[in-house]
1. Grab the strands (runs of 3 or more DSSP E) fully contained in the stretch 142-229, keeping just those with 2 or more residues being modelled with pLDDT under 95 and either of a type in the set (Ser, Thr, Tyr) or more than 18 Å from Met60 (Cα to Cα) (or both).
2. Are any of the residues in the stretch 15-23 surrounded by 22 or more Cβ atoms within 10 Å (Cβ to Cβ) and either among the aromatic types (Phe, Trp, Tyr) or assigned to a loop (DSSP other than H, G, I, E, B) (or both)?
3. With the requirement that a residue be more than 20 Å from the chain's Cα centre (by Cα), assigned to a strand (DSSP E or B) and surrounded by fewer than 16 Cβ atoms within 10 Å (Cβ to Cβ), what does the stretch 24-73 give you?
4. In this structure, does Thr258 turn out to be surrounded by 20 or more Cβ atoms within 10 Å (Cβ to Cβ) and either free of Cβ contacts under 8 Å to residues at least 12 places away in the same chain or outside any loop (DSSP other than H, G, I, E, B) (or both)?
5. Which residues, taken from the stretch 83-124, are acidic (Asp, Glu), in contact with a Lys or Arg (Cβ under 8 Å, 6 or more places away or on another chain) and surrounded by 22 or more Cβ atoms within 10 Å (Cβ to Cβ)?
6. For Leu336, only one of the following conditions fails: (1) touching a strand residue (DSSP E or B) at 6+ places or on another chain (Cβ under 6 Å); (2) under 21 Å from Pro157 (Cβ atoms). What is its number?
7. Scanning for something among the aliphatic types (A, V, I, L, M), assigned to a loop (DSSP other than H, G, I, E, B), touching a Leu at 6+ places or on another chain (Cβ under 8 Å) and within 24 Å of Asp69 (Cα to Cα), does the stretch 121-133 turn up at least one residue?
8. Name the residues in the stretch 247-292 that are touching a Pro at 6+ places or on another chain (Cβ under 7 Å) and among the basic types (Lys, Arg), would you?
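The values are calculated or read from the model by the stated rules, or taken from the named source; none is laboratory data. The model shown is predicted, which means the values in this text are computed figures rather than measured ones. When we count neighbours, we look across all protein chains shown, and the Cβ atoms used for this are built from the backbone with ideal geometry, even at glycine.
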Amino acid sequence: MTQATESHQQLRTPFYGYHTEHGAKMVDFAGWEMPILYRSIHAEHKLVRTGAGLFDVSHMGRLKFTGRDARRLLERTLTRRVSDMQEGACRYSMVCNDAGGVLDDVIVYRFDGHWLLVVNASNREKILSHLHGQAEGLSVNIEDQTFSTAMVAIQGPGVMEQIGRFSSEVPALKRYRFCEKNLLMMQAVISRTGYTGEDGVEVILPAKMAAQAVNLLVRESQGEGGESAIQPAGLGARDTLRMEAGMPLYGHELDETTDPLSAGLGFALSLDKDEQDRGEPFVGQAALKKIAVEGSTRKLVGLELDGRRTARQGMAVFKGDGEVGVVTSACLSPTLGVPIAMAYVASGCGEVGDAVEIAVGAKRLGAKVVKLPFYKRGE
């Protein structure tokens, strides 16, 4: 980790030099100086849908848990059961407050002897504080490895062919499984996970050797014409890709006032933890059990807009004369060629096929409710 200047105190990942050498446009993201694009968001989006794109995601927090009560702390703070996880497995979950609102959505990894939690960059310090508070009285050590490690996501239908040149084990991994590999005399964690709706991997490796490893990977993917099969992509494309895949983003579809059930993430809740695992519920479980019984007051839906104009986060959604919801994310879909959006609407509204309108100033844009995700690999 380095900092841009003392006045701005912006953080830089180990790949900062790689980004600038490849012409990336850098922006501030959660206090980190990150690449928003290299060529164009559209081109990088298409790259991931058809080939192999490389994303720097080192800004995301990586927290290691050791000690006798590490598992107990994770059961207490994560919405999803982890005690039944096998070594080499990773799992999507959330951390909630007492009211059932989402503090963050996370990925938990189970190793032999320890656990790892990957959290959103903007929430790292908040989650660390929350975890330390919940760990009072427990025998557990939480080590923030964000700055001693780096992380990249390599995504797209061409990824496994390229990874197969280095390893036969990684292409054989099932989704949400990981392995540890020795690369360039360093140990890397490679998981079959991602945030784009495509196949691919995410790799965690020591910060000091990260840039060298990525340069080697890109260089080794060069074809006869000299062009690399794996090319860098920025956070702009990562956002449009996750939107097409209907994946929530913290600060848009998820926040401390939004519960997982309203977001359609009920699969990531183990609401019977108070009946198992020593009878200890997770933080927010009581509130979420009540919502599960009474029903959510709103739900997350997909919208396809008429014309070419896109919506923006915060725009109101109307059905007839009544305001029924609000847009959380929107873009012009590079894959579908139409404007799309995700929005929360009242639970009694927003059935697939329903016509709605989005307020744009004094005007309204026509839209229809469509099934999420907008895009699914292989369809």
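1. Hits in the stretch 142-229: 178-183, 186-191.
2. Checked against the condition, which is being surrounded by 22 or more Cβ atoms within 10 Å (Cβ to Cβ) and either among the aromatic types (Phe, Trp, Tyr) or assigned to a loop (DSSP other than H, G, I, E, B) (or both), the stretch 15-23 yields at least one hit.
3. Passing the criteria: Lys25, Thr66.
4. Here the answer is no, as Thr258 does not meet what is asked.
5. Once the filter is applied, which keeps residues that are acidic (Asp, Glu), in contact with a Lys or Arg (Cβ under 8 Å, 6 or more places away or on another chain) and surrounded by 22 or more Cβ atoms within 10 Å (Cβ to Cβ), the stretch 83-124 yields only Asp104.
6. Unmet condition: (1).
7. no
8. Lys273
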